[in-house]
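Just so it is clear, none of the values below were taken in a lab; they were calculated from the coordinates. These figures come from a predicted structure and were not determined experimentally. Here the Cβ positions follow ideal geometry from the backbone for every residue, glycine too, while neighbour counts run over all protein chains shown.
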Amino acid sequence: MALDPQVVAYRAARAAAGIAPLYTQTLAEARAADLAAIRAGAGAVEPVHEVRDTHLPGPDGPLPVRIHRPAGDGPLPTLVYFFGGGWTLGSVDTADGICRRLANATPCQTVTVGYRLAPEHRFPAAVDDCYAALRRLAGHAEEYRVDPDRLAVGGDSAGGNLAAAVTLLARTDGGPRLAAQLLVYPNTDQRPGPAPAGDEDPLLFNRHSVDWYRRHYLADPADAAHPLVSPLLAEDLSGLPPALVITAEHDPLCAEGERYAGRLREAGVPTELTRYAGMIHGFFAMPGVFDAGRRAQEQAAAFLRDRFGLDPVSSAAGSTAGGSDRD
C-alpha cells in the first residue's frame, strides 16, 4: 500500500528543510536531532499527576529513571518502559510523551529506564541495565509503589527489543512475573539479511539506519545470533507474558516484528498483532504528526488496561486527574 498522506506530507517537509539522515551525522548531532524531532512530533505535553526523576541501582552505577504516576494512593499497576533509538540515541526525555499518555490513559504508573547507550556501552550493557531496573522495582515494590501482580514491560524499536529480551531473562532467571509485554515495531533479528525492496529512502528510517545502529550496538557481529540480541532466535518462547506487537507497514523492521508475533502465538503466548497501514518507523512516538500514532497509543493503553484488569470508566477519569506535574 501507499504511504499514508500524513507520511507523504511529513516526508515533503523533511525534504524541504534539508534534514540529513541520522546515520550521516556525528553521535552528538544525531542524539540532539533525535530528541528535537521527537519533541516536535509528540504533540501537546499532557499533564500528569506526579512526575519524578530519580535513580535505581544499576550494574555499573546509578540508573536514571523517570516515574509518571496518575492520581491514586497505594501501589499501582506499573509499566517499565524502554525508549527507542537503536540502543544509540534516546533518553528518558525521548519517551516522556509516550509515558505521559500511557500513564493517564491506562491509568498506570510508568517507569522509564535510562539505560546505557552504545557505542560507549555495547551489548549486553543495555539488557543488563533494563533487567536490573525491573528486578529492583519488583523486589522493592512497596518502596516504589508498584503492584507486583500488575507489572509489565514495553518499549518501541530498540526499546521493544529490550522489552522482549527482558521477558526472556525474567522467565529463565526466575525473575519478576510479568503481566504483559508491549512491543512497538521491535527489532527481533539482528542478523544482516536482504533489505526489503525500495528500502533506501534517505528521508525515512531505512536499511542504512538499521545497519548503523547495529554496528554501534554489537561489539562482535557474532552476537547477532544471541537470543537477547535477536529474540526471534530464542529456541523456546513458551511461558512468556501476553503480548501486543505493533508494526508499521513501511518499516524495515515490520517483517521481523510480525515473525516474532507469529512465534509467540505458536508457543501458546496470547498475542495481539496490529500492522498500521501506510505508516513508518517512529510513528508511535509522534501522535502530534500522525493520527495513527495517537490511535496506536490508545490501543497500547487499552491492552495494558485489559492485562491489568482495570475498568475503562475509571481509566477515563484517571486521564484528567491532577492539574500539573509534581517534581
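If only the Cβ of Lys and Arg carry +1 and only the Cβ of Asp and Glu carry -1, the dipole of segment 1-99 around its Cα centre is close to 240 debye. Here the dipole of the chain is about 200 debye; that uses its Cα centre as origin and unit charges on the Cβ of Lys and Arg (positive) and Asp and Glu (negative). Counting beta carbons within 10 Å around each of SER157, SER209 and listing the fewest first gives the order SER209, SER157.
For segment 128-141, putting each phi into the Karplus relation 6.51 cos²θ - 1.76 cosθ + 1.60 with θ = phi - 60° gives couplings of 4, 5, 5, 5, 4, 5, 4, 5, 5, 5, 6, x, 10, 4 Hz, in residue order, rounded to whole numbers and with x for Gly and Pro. Sites counted here are GluC sites (Glu not before Pro) in a DSSP loop (not H, G, I, E or B) having no more than 13 other Cβ atoms within 10 Å; the longest part of the chain that contains none of them is 1-119. For the pair ARG259 and ASP93 in one chain, pulling the backbone fully straight at 0.36 nm per residue adds 56.7 nm over the alpha carbon distance. What does the net charge come to around GLN297 if you take all other residues with beta carbon closer than 14 Å to its beta carbon, with K and R at +1 and D and E at -1? Once all neighbours under 14 Å are counted, the net charge is 0. Considering only GLY257, GLY72, GLY97, the mean-square fluctuation computed in a Gaussian network model of the chain, springs between alpha carbons under 10 angstrom, is largest for GLY72. Under 5 Å from the amide H of ARG275 lie the amide H atoms of THR247, each residue being 5 or more positions distant or on a separate chain, with H modelled from the backbone and absent for Pro and chain starts. Please identify which residues in segment 249-280 have an amide N closer than 17 Å to a label point set 7 Å out from the Cα of GLU235, following the Cα→Cβ vector. Correct set: 267.
Entry note, segment 147-294: relative contact order of 24 percent, from Cα contacts under 8 Å with a spacing of 6+ residues. Note: relative contact order over segment 21-169, using C-alpha pairs below 8 Å and six or more positions apart, is 27 percent. For segment 208-225, putting each phi into the Karplus relation 6.51 cos²θ - 1.76 cosθ + 1.60 with θ = phi - 60° gives couplings of 5, 4, 4, 5, 4, 5, 4, 4, 6, 7, 9, 6, 10, x, 5, 5, 4, 7 Hz, in residue order, rounded to whole numbers and with x for Gly and Pro.
Backbone geometry of segment 55-72 corresponds, through the Karplus equation with coefficients 6.51, -1.76 and 1.60 at θ = phi - 60°, to 3J(HN,Hα) couplings of 9, 10, x, x, x, 10, x, x, 9, x, 9, 10, 10, 10, 10, x, 5, x Hz, x marking Gly and Pro.
Close amide H contacts of LEU76 (hydrogens built in the peptide plane, cut-off under 5 Å, sequence separation of 5 or more or a different chain): VAL146, ASP147.
Cβ-to-Cβ counts within 10 Å put ILE19, ILE67 in ascending order as ILE19, ILE67, the fewest first.
Of ALA44, ALA126, ALA296, the residue with the greatest mean-square motion in the GNM of the chain, using alpha carbon springs below 10 Å, is ALA44.
Proximity of backbone amide H atoms, modeled 1.01 Å from N, is registered between GLU46 and no other residue at under 5 Å, excluding neighbours fewer than 5 places apart on the same chain.
Here the Gaussian network model covers the chain, with springs between Cα atoms less than 10 Å apart; of ALA302, ALA71, ALA36, ALA36 fluctuates the most. Counting neighbouring Cβ atoms within 10 Å and putting the fewest first, the residues ARG11, ARG150 line up as ARG11, ARG150.
State whether the chain is rounded, prolate or oblate according to the following rule on the C-alpha gyration tensor (a ≥ b ≥ c being the square roots of its eigenvalues): a/c under 1.5 gives rounded; otherwise a/b larger than b/c gives prolate, and the remaining case gives oblate. Rounded is the answer for the chain, as its axis ratio a/c remains below 1.5.
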